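Beneath this line is the structure, given in structure tokens, with notes to follow.
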Amino acid sequence: MLDKTSPSLPRGMRYENQLAMIEGMSLADIAREYPTPFYCYSQSAIEQKMQACLKAFEPTGAKVHFAVKANSNINLLRLMAKAGLGADIVSGGELTRACTAGIAPADVIFSGVAKTDNELEYAMHKGVGQYNVESIEELHRINTIAQRLGVVIDAVLRVNPEVDAGTHQHITTAKKGSKFGIAYSQLDSALQTAATLSSINVRGLAMHIGSQITSLEPYSQSIQRMLHWLEQLQAKGFAIDRIDLGGGLGVDYGNGEYLEYSDYAELIQASFANYQVDIQLELGRSLIAEAGILVSSVVSTKQSSPNNFVLLDAGMNDLLRPSLYQAHHPLLAASLSTSARPETFDVVGPICESTDCFHKNYPMLRPNTGDLMFFTVVGAYCSVLSSSYNSRTLIPELLVNGENVRVIRKAWTIDEQLKLEE
Ligand code: LLP
């Protein structure tokens with residue numbers, strides 16, 4: 001959601017005397033101490049969004065879990081833990097992070113299409129609260145491990161509702177034939193199988209139809225299907241009292257399209273009014289995306305007829321979403337200038353790949369070498385997707401709270417990388 005007083009700036013940011021500020025700090029001051037590129041988050045933006053989320057979903061009684069994959073920095077997870085959120089995890093590593101951050105294992109949902117035996121065993125030792133099962137084969141595997149460890153675990157079955165979430169093809173997960181979830185034609189047989197397994201207690205159904213969803217329609221369709229199955233299964237005598245609706249709410253990447261928590265909450269409330277079930281949510285992007293920026297410096301401009309380029313010191317290894325999903329992340333100047341006229345540039349990074357391009361024909365003022373720029377809406381699925389490709393430093397993450405700036409992940413330099421190879 002954009003700050004109304006300054007339409008192009010995310011919550012927690014503003015321009016003051018022509019300088020971009022994140023909370024009480026100007027980016028120029030931060031960059032004097034920390035070399036670019038770096039990720040930078042606003043703590044108040046994260047806290048405000050979490051509170052807005054909890055308030056919006058309160059009438060539904062839904063328990064909110066943070067999808068750790070969106071941003072797994074332990075310091076940010078601690079903020080989630082403090083606000084009382086549970087965690088949705090997809091690996092043993094994410095489980096370690098969630099627990100280290102102080103999220104109780106009982107509040108953890110273990111999702112993921114290919115959980116390994118080792119990860120399942122680790123999760124059972126920790127006491128994870130719920131396993132979202134993705135196949136009949138996995139039911140058997142989980143049961144065998146639980147039996148060996150002498151525990152009985154709670155599970156829900158992730159069903160594929162076969163709807164088109166209307167999002168980018170790489171982040172849609174509920175089309176027919178998808179690798180995710182149990183085909184609904186197999187649901188009955190999955191439940192019958194589960195009933196024969198003594199170490200698994202199937203409590204309900206789960207769905208997750210995709211990510212960056214900006215219309216309520218696909219949610220409405222898939223919830224109707226879930227309710228239909230719920231009724232059928234309850235009529236057959238299966239005790240089902242939990243529905244996990246996954247995540248997927250879209251945020252505004254600059255085109256004005258996003259989903260409001262309150263609209264989704266209303267849909268949930270209306271849909272489940274006559275059903276006695278506990279609702280769970282697994283939200284990633286919508287909780288954290290808008291709270292992050294990526295600060296970068298201009299290395300140079302370049303003309304290569306017929307194109308004008310801006311060359312940045314951040315590359316696709318630091319911010320992969322534009323290359324991977326043709327994602328749009330608005331790019332802004334850290335210092336406003338009123339004198340020049342906008343031109344159009346292709347904004348690119350230093351990586352030796354043609355796909356290392358953040359924007360094509362982007363209208364902006366001609367920058368000078370050394371000028372600070374920043375990408376917005378990069379709090380989710382950005383730092384976690386970054387790498388050291390081209391033997392570059394894995395860039396650091398900073399957290400700003402008022403006038404306090406803290407390094408919450410150090411840079412991973414070439415010298416440190418080389419040590420691992422000796
Ligand atoms: N639950 C499950 C089972 C998921 O697979 C995901 C995301 C979520 C919850 C959280 O969804 P969210 O609320 O964040 O939309 N890297 C892609 C996004 C991949 C999403 C993967 N699953 C991107 O950068 O757009």
For this session: Check each of the GluC sites (Glu not before Pro) in region 161-270 and keep only those in coil by DSSP with at most 13 other C-beta atoms within 10 angstrom; list them in order.
Result: Glu257
For this session: Would you mind getting me the FRET efficiency between Gln276 and Ala195? Use the beta-carbon distance for r and R0 = 25 Å, nearest 0.05.
Result: 0.75
Problem set entry | 25 Å Cα-Cα threshold exceeded, pairs from Lys69/Lys236; Lys115/Lys175; Lys63/Lys236 | Lys69/Lys236; Lys63/Lys236
Exercise. Which log10 I(q)/I(0) values, to two decimals, does region 293-422 give at q = 0.16 Å⁻¹ under the Debye formula with one point per Cα?
Worked result: -0.85
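Which percent of the accessible heavy-atom area of region 111-283 goes to carbon and sulfur, probe 1.4 angstrom?
Percent of accessible area from carbon and sulfur atoms in region 111-283: 45.
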Exercise. Quick one: helix 217-235 against the long Cα principal axis of the chain, what's the angle to the nearest 10°, folded into 0 to 90?
Worked result: 20 degrees
Seminar exercise, completed: Cα-Cα longer than 29 Å, checked against Lys55/Lys176; Lys49/Lys410; Lys179/Lys410, kept in input order, equals Lys55/Lys176; Lys179/Lys410
Exercise. Tell me, what is the 1.4 Å probe accessible area of Lys302, in Å² to the nearest 10?
Worked result: 110 Å²
Problem set entry | Magnitude of the charge dipole, region 111-283, Cβ model with Lys/Arg +1 and Asp/Glu -1, debye to 20 | 600 debye
Exercise. If you build a Gaussian network model of the chain, linking Cα atoms that sit under 10 Å apart, which residue out of Asn73, Asn317, Asn308 swings the most?
Worked result: Asn308
For this session: Return the sequence-ordered ³J(HN,Hα) values of region 79-90 in whole Hz as given by the Karplus equation 6.51 cos²θ - 1.76 cosθ + 1.60 applied to θ = phi - 60°, using x for Gly and Pro.
Result: 5, 5, 4, 4, 7, x, 7, x, 10, 10, 10, 10
Seminar exercise, completed: Longest principal axis of the chain (C-alpha) makes with the long axis of helix 43-57 (C-alpha) an angle, in degrees to the nearest 10, of 30 degrees
Problem set entry | Proximal charge balance of Thr36 [Cβ under 12 Å; K/R count +1, D/E count -1] | -3
Problem set entry | Cross-link partners of Lys302 among aspartates and glutamates (Cα-Cα below 16 Å; sequence separation of 8 or more within a chain) | Asp313, Glu343, Asp346, Asp356, Asp371
Exercise. With all protein chains present and a 1.4 Å probe, how do Tyr34, Tyr389 order by accessible area, largest first?
Worked result: Tyr389, Tyr34
Problem set entry | Calculated over region 111-283: convex hull of Cα atoms, volume per residue (Å³) | 117 Å³
For this session: Report ³J(HN,Hα) in whole Hz for each residue of region 107-120, in order, from the Karplus equation J = 6.51 cos²θ - 1.76 cosθ + 1.60 where θ = phi - 60°; Gly and Pro get x.
Result: 9, 9, 9, 9, 9, x, 7, 9, 5, 7, 4, 4, 5, 5
Exercise. Among 57-70, 333-346, 137-150, what's the highest-first ranking by average C-beta atoms within 10 angstrom per residue?
Worked result: 57-70, 137-150, 333-346
For this session: Considering the options Leu233, Gln186, Thr196, tell which one lies farthest towards the positive end of the dipole of region 111-283, charges being +1 on Lys and Arg and -1 on Asp and Glu at the Cβ, about the Cα centre.
Result: Thr196
Exercise. Under the rule of -39500 (n - 2.57) per DSSP H run of 4 or more residues, summed and divided by the residues of the chain, what mean residue ellipticity at 222 nm is obtained, to the nearest 500 deg cm²/dmol?
Worked result: -8500 deg cm²/dmol
Problem set entry | Near-label residues of region 236-262 by backbone N, under 19 Å of a point 7 Å along Cα→Cβ of Val152 | 237-242
Exercise. Can you list the aspartates and glutamates whose alpha carbon is less than 18 Å from that of Lys126, not counting same-chain residues fewer than 8 positions off?
Worked result: Asp88, Glu94, Asp107, Asp117, Asp154
Exercise. Mind listing the phi-derived Karplus ³J(HN,Hα) values for region 236-246, rounded to whole Hz, using 6.51, -1.76 and 1.60 with θ = phi - 60°, and x for any glycine or proline?
Worked result: 7, x, 6, 7, 10, 10, 9, 10, 9, 8, x
For this session: Just need log10 I(q)/I(0) for region 29-125 at q = 0.11, 0.25 Å⁻¹, Debye formula, equal scatterers on the alpha-carbon atoms, no solvent, rounded to two decimals.
Result: -0.40, -1.27
Seminar exercise, completed: The alpha-carbon center of region 166-215 and that of region 256-305 are separated, in whole Å, by 22 Å
Seminar exercise, completed: Listed by chain and number, the residues whose amide H is under 5 Å from that of Phe358, excluding neighbours fewer than 5 places away on the same chain and using placed H, are Val347, Val348, Gly349
Exercise. In square angstrom, rounded to the nearest 10, how much accessible surface does Thr100 have for a 1.4 Å probe?
Worked result: 80 Å²
Problem set entry | Distance between region 364-422 and region 30-48 - C-alpha centres, whole angstrom | 10 Å
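Can you work out D for the chain in µm² s⁻¹ from Stokes-Einstein, where Rh is the Kirkwood radius over C-alpha pairs, the temperature is 25 °C and the viscosity is 0.890 mPa s?
Taking Rh from Cα pairs, D becomes 108 µm²/s.
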Problem set entry | On Cα atoms only, tilt of 261-272 relative to the major axis of the chain in degrees | 10 degrees
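The values are calculated or read from the model by the stated rules, or taken from the named source; none is laboratory data. Keep in mind that this is a model prediction, so the values were computed, not measured. A quick note on method: Cβ atoms are made from the backbone with ideal geometry, for glycine too, and the neighbour counts reach across all protein chains shown. For accessibility, only protein heavy atoms count, side chains too; no ligands or nucleic acids. Shrake-Rupley method; radii C 1.70, N 1.55, O 1.52, S 1.80 Å.
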